[in-house]
1. Could you identify the single residue in Leu146, Leu131 that is touching a Pro at 6+ places or on another chain (Cβ under 7 Å) and either surrounded by fewer than 19 Cβ atoms within 10 Å (Cβ to Cβ) or not aromatic (Phe, Trp, Tyr) (or both)?
2. What are the residue pairs meeting all of these: first residue in the range 75-87, first residue touching a residue at least 60 places away in the same chain (Cβ under 8 Å) and closer than 15 Å to Pro97 by Cα, second residue of a type in the set (Ser, Thr, Tyr) and assigned to a strand (DSSP E or B), Cβ atoms under 9 Å, and 6 or more apart or on different chains?
3. Hey, could you check the range 151-192 for residues that are free of Cβ contacts under 8 Å to residues at least 40 places away in the same chain and within 25 Å of Gln24 (Cα to Cα) and say which is nearest to the chain's Cα centre (by Cα)?
4. Cβ-Cβ distance below 8 Å, separation of 6 or more or different chains: which pairs start in the range 17-28 with a residue that is within 14 Å of Ile61 (Cα to Cα) and end on one that is aromatic (Phe, Trp, Tyr) and not in a helix (DSSP H, G or I)?
5. Within the range 33-63, count every residue that is out of contact with any strand residue (DSSP E or B) (no Cβ under 7 Å at 6 or more places or on another chain) and assigned to a loop (DSSP other than H, G, I, E, B).
6. Which condition number in (1) more than 22 Å from Ile185 (Cα to Cα); (2) among the hydrophobic types (A, V, I, L, M, F, W, C); (3) outside any helix (DSSP H, G or I) is the one that Trp66 fails?
7. Tell me yes or no: at least one residue of the range 55-64 is surrounded by fewer than 14 Cβ atoms within 10 Å (Cβ to Cβ), of a type in the set (A, V, I, L, M) and over 21 Å from Lys150 (Cα atoms).
8. Among the residues of the range 132-140, is any over 22 Å from Cys77 (Cα atoms) and of a type outside the set (Ser, Thr, Tyr)?
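Just so it is clear, none of the values below were taken in a lab; they were calculated from the coordinates. Nothing here was measured: the structure is a model prediction, and the numbers come from that model. As a convention, Cβ positions derive from the backbone with ideal geometry for all residues, glycine included, and neighbour counts pool all protein chains shown.
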Amino acid sequence: MSEKQILRQAMLKKLGQLSNEERQQIEKKQQTQLFSCADFKQARTIGITISTDIEWDTYAIIEKAWEQGKIIASPKCIAKTKEMHYYTWNHRNQIQPGYAGINEPNPKLTKYIDYDDIDLLIVPGVIFDRLGYRIGYGGGYYDRMLENYKGSTLSLCSEMQFVNQIPREVYDLPVEQIITEKRVINVLNSNM
């Protein structure tokens, strides 16, 4: 087992031990920080995953974005090529279980959108360092996408998900901002 896999498993176990109440308190604070963030306010189209039980809730973020007239685009994973294709959607009846049981847009009911048309990408992760590097859920999908993505990137996490340094591969790319329940870390400003 690699160092990344060991770190990922340990953190997922730690996150799994949070009570529903603790999790909801962290999520509310993360969302407050996110909604006042300039990148969120200015974004017309937001790329965001449809959360599973082990991830921070994205449904409240999606609903808020819709209230503000923003376009939501979520990924459909193509397992064979490890790519993600994004589709815009505006109602829960347009999503369905897909790769690994994760909810994804139904391509028959939604519209494909190019990466270049997404203003802000909210990137999921399990562990982060203060340089914006992350350990994701293990599929490598976001590493491939970030190579070609030109818009703004941020991740939501809890303070408990930080480590001093993450073991990095040459293809790993950092996110530009990390939003926790306590603060917004502008990676580019804080480390250059």
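1. Values: Leu146 fails: touching a Pro at 6+ places or on another chain (Cβ under 7 Å).
Among Leu146, Leu131, only Leu131 is touching a Pro at 6+ places or on another chain (Cβ under 7 Å) and either surrounded by fewer than 19 Cβ atoms within 10 Å (Cβ to Cβ) or not aromatic (Phe, Trp, Tyr) (or both).
2. Pro75/Tyr86; Pro75/Tyr87
3. Ser155
4. So the pair list comes out as Ile26/Trp56; Glu27/Trp56.
5. Filtering the range 33-63 for residues out of contact with any strand residue (DSSP E or B) (no Cβ under 7 Å at 6 or more places or on another chain) gives 35-36, 38, 41-42, 51-55, 57, 59-60, 63.
Still in the list and also assigned to a loop (DSSP other than H, G, I, E, B): 36, 51-55, 57.
Residues that pass the stated criteria total 7.
6. Every condition holds for Trp66 apart from (3).
7. No, every residue in the range 55-64 fails to be surrounded by fewer than 14 Cβ atoms within 10 Å (Cβ to Cβ), of a type in the set (A, V, I, L, M) and over 21 Å from Lys150 (Cα atoms).
8. Residues of the range 132-140 that are over 22 Å from Cys77 (Cα atoms), as a first pass: 132.
Still in the list and also of a type outside the set (Ser, Thr, Tyr): 132.
Yes, the conditions are met somewhere in the range 132-140.
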